[in-house]
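All remarks here apply to the structure that follows.
Values in this text are rule-based calculations from the coordinates and carry no lab data. Remember, it's a predicted structure, so these values are computed and weren't measured experimentally. Glycine gets a Cβ as well: all are built from the backbone with ideal geometry, and neighbour counts include every protein chain shown.
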Amino acid sequence: MSMVALEGLRPWILQRLTAVYLLLYVFYVAVYWLFFNSFTYNHWLQWLSDDSNQILLSLFYLSMLIHSWVGIRDVLLDYIKPFLLKLLLLFGVALFLIGSGFWLIKILMMVKA
Amino acid sequence: MLLHDRRPKYLNLFKIKLPIAGIISIFHRLTGILLFLFIPLSLYFLQLSVKDASSFQEVTALMHYPLSRFFILLIVWSLLHHLLTGLRFLLIDMEFFLDRKLSSLSAWVVVVIEALLMFAVIVGLFL
């Protein structure tokens, strides 16, 4: 297979791998909070400061950022025709997602402190 | 002239009748865009919820205002729809539901499960 033929495969696979993780994580959080625990401030903080939950939540946001990048990129490539506008919007979306990632890191550090 | 250049174009959106699989697929895209826009708001609420006990109360109190209830339902529905149709797409990738009847049937199954879950959400959140 040529390199060009493989060009679209990586985002396609990333989209599916992140989708599976997002699905499992939402299921875990929904079941945990809806059926087994009451949603109180102390319990919420305790849950969020737990190391494994911090890692799982970080992976959730990382997956979501990657997943949205591929998805929104596809939408922009489909509907925005003018080249410069398309480039600008893609750049804006990338900044938006990277910024969101840093924001999450800041919040997780607030919890630990 | 190439064949695809001579195909008739008929793009009146109000006259195109999409099959159910097509409709839920369009909504997969729409809800995806909504969820993308919700990312910063989710971070804002996450930050507020960990700041202190009173900010946490503010976030949970959102469930009681009619307008915020509407947005909560919109986001929960977007998430449910996106996840369920996404799961169906993953199964299609694994070559399930390829036949036209099964494609339609699986789309209807998604709609029914979604309606039941939304009913449960409305009962659970507000009643």
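Give me D for the protein assembly as shown in µm² s⁻¹, whole number, from Stokes-Einstein with Rh from the Kirkwood sum over alpha-carbon pairs, 25 °C and 0.890 mPa s. Before the final figure, lay out each step's value.
Details: Rh = 20.4 Å.
Here the translational diffusion coefficient equals 120 µm²/s.
Starting from a Cα-only point model with no solvent, please compute log10 I(q)/I(0) by Debye for region B:20-126 at q = 0.10, 0.13, 0.22 1/Å.
So the normalised log intensities work out to -0.38, -0.59, -1.17.
Taking loop as defined by DSSP and a crowding limit of 13 other beta carbons within 10 Å, which chymotrypsin sites (Phe, Trp or Tyr not before Pro) in region B:4-80 fit? Before the final figure, lay out each step's value.
Values: sites: B:10, B:14, B:27, B:36, B:38, B:44, B:45, B:56, B:70, B:71, B:77; in loops: B:10, B:14.
Listed in order of number, the matching sites are B:10, B:14.
Counting pairs of alpha carbon atoms under 8 Å apart in space and at least six apart in sequence, what relative contact order in percent does chain B give? Spell out each step's value before the answer.
Details: 58 pairs, mean separation 38.6, N = 127.
Once normalised by length, the contact order is 30 percent.
Within a 10 angstrom radius of the beta carbon, how do B:58, B:95 rank from fewest other beta carbons to most?
Ordered by Cβ neighbours within 10 Å, fewest first: B:95, B:58.
Over all directions, how big on average is the projection of the convex hull of the alpha-carbon atoms in region A:3-112, in square nanometres?
On the way: hull surface 35.5 nm².
That works out to 8.9 nm².
Which of the chymotrypsin sites (Phe, Trp or Tyr not before Pro) found in region B:93-127 are loop residues per DSSP with 13 or fewer other Cβ atoms within 10 Å of their Cβ? Could you put the intermediate results ahead of the total?
Working: sites: B:96, B:97, B:108, B:119, B:126; in loops: B:96, B:97.
Within region B:93-127, the qualifying chymotrypsin sites (Phe, Trp or Tyr not before Pro) (loop, at most 13 other Cβ atoms within 10 Å) are B:96.
Check the straight Cα-Cα distances from residue A:81 and name the lysines below 20 Å, setting aside those fewer than 8 residues away within the same chain.
B:9
Compute, for chain B, the length of the dipole vector about the Cα centre, with Cβ point charges of +1 (Lys, Arg) and -1 (Asp, Glu) only. Units Debye, rounded to 20.
680
Between the DSSP loop rule and a limit of at most 14 other Cβ atoms within 10 Å, which trypsin sites (Lys or Arg not before Pro) in region B:1-88 are left?
B:6, B:9, B:15, B:17
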